[in-house]
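In what follows, a structure is listed as structure tokens, so that the remarks can point back to it.
Quick note: the coordinates plus some simple rules give every number you see, no bench work behind them. This is a predicted model, so every value here is computed, not measured. Cβ placement follows ideal geometry from the backbone for every residue including glycine, while neighbour counts extend to all protein chains displayed.
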Amino acid sequence: MSSPSSPPLDPMLVVEDLRVSFPNRDGGRTEAVRGVSFTLGRERLGIVGESGSGKSQTGRAILGLTAPEGRVSARRLAFNGVDLLHCTPRQRRELRGGRIAMVLQDPKFSLNPVMTIGDQVVETLRAHTRVAAREARARAIAALLSVQIDDPERVYRLYPHEVSGGMGQRAMIAMMLIANPDLLIADEPTSALDVTVQLQVLAVLDALVVRRGMGLIFVSHDLRLVSTFCDRILVMYAGQVVEEVSAGGLADARHPYTRGLLNCLPRLGEDRHPLPTLDRRPEWAL
């Protein structure tokens, strides 16, 4: 699905020295994201790392969803020329969900349990587009069909608890894409799914990125999954990007953290029980 690529010459998203901090118990602040920099064009960019490495906080900062107690700063954080740090609340509302969308980790916690799937998709559309109720319903059903939901009219009427995890995740993707965003941030969109459904969701994302020409930030802890799906990979540790590689060049990664992650993966034909554990070094966090 992917091929090695270089950073885009004319990026839609520019992130320079992004920092996100939160207050700690000592009265100071702890940086969850420390000096992250990258650019994104109409491509698939993977961000990988362990839990707590700052992957999700990077995506939330771009979308303006950092918790109120969090503090976000950057030398530059721009989307298609719009300064995301200093844009007005109205500009931010227009961008969020309209031109930049985010698929969160688990539909059980992301979907509203007291609204039908269809009503939630329609709500997203009407938040960004003036459209009559009948047309909104038709477009919502078309959006559900576009993510390979076989009977979208039936699913439109269902509540989140009445659908499987894979179908709920596809409904989330439909909801985020119905306003035709230019950038999609997918935060662990396959983590709660079995392998077969993972492949279905990835195929949906792949087809939509190619067909719509979107930019995609794919956040994951699964190096192997990201290497088969994305064009470029950022490896994060302790809030920092420690390495950037093309997906095709992952096997040639040089940073000891990336090499350590790769060494911990199971391999066919080898007895690796128990699997090796990562030997973290203090200097990686500096």
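Whats the longest run of the chain with zero trypsin sites (Lys or Arg not before Pro) that are DSSP loop and have at most 10 other Cβ atoms within 10 Å? Could the numbers behind the result be given before it?
Values: sites that count: Arg25, Arg130, Arg254, Arg267.
With a cap of 10 other Cβ atoms within 10 Å, the longest stretch comes to 131-253.
Calculate one ³J(HN,Hα) per residue across the stretch 231-238 by plugging θ = phi - 60° into the Karplus curve 6.51 cos²θ - 1.76 cosθ + 1.60, and present them in order as whole Hz with x for glycine and proline.
Working through the residues one at a time gives 8, 10, 10, 9, 9, 10, 9, 6 Hz.
From Cα pairs below 8 angstrom and at least 6 apart in sequence, can you work out the relative contact order of the stretch 18-130, rounded to a whole percent?
Details: 94 pairs, mean separation 25.3, N = 113.
The normalised contact order for the stretch 18-130 reaches 22 percent.
What fraction of the DSSP beta bridges in the chain is antiparallel, stated in percent and rounded to the nearest 5? Kindly include the intermediate steps, with their values, before the conclusion.
On the way: 24 of 43 bridges.
The antiparallel proportion sits near 55 percent.
Whole percent per 5 Å bin, from 0 to the bin with the longest distance: what is P(r) over all C-alpha pairs of the stretch 18-81?
P(r) over the stretch 18-81, rounded to whole percents: 4, 15, 26, 27, 17, 7, 3, 1, 0.
Determine the relative contact order of the stretch 224-286: mean sequence separation of Cα pairs under 8 Å and six or more apart, normalised by residue count, in whole percent.
Working: 58 pairs, mean separation 16.7, N = 63.
That works out to 27 percent.
Could you tell me the distance between the Cα centroids of the stretch 16-49 and the stretch 219-286, to the nearest Å?
Taking the Cα centre of the stretch 219-286 as reference, the centre of the stretch 16-49 is 18 Å away.
For percent of Cα pairs over 37 Å apart, pick the label among (1) 7; (2) 11; (3) 15 that corresponds to the value derived from the coordinates.
The value computed from this structure is option (3).
Taking just the alpha carbons, could you work out the radius of gyration and Dmax for the stretch 132-286, both in angstroms?
Final numbers for Rg and Dmax: 18.9, 61 Å.
Please order Glu244, Glu188, Glu153, Glu270 by the number of other Cβ within 10 Å, starting at the fewest. Spell out each step's value before the answer.
Values: Glu244 15, Glu188 19, Glu153 12, Glu270 7.
So the residues, fewest neighbours to most, are Glu270, Glu153, Glu244, Glu188.
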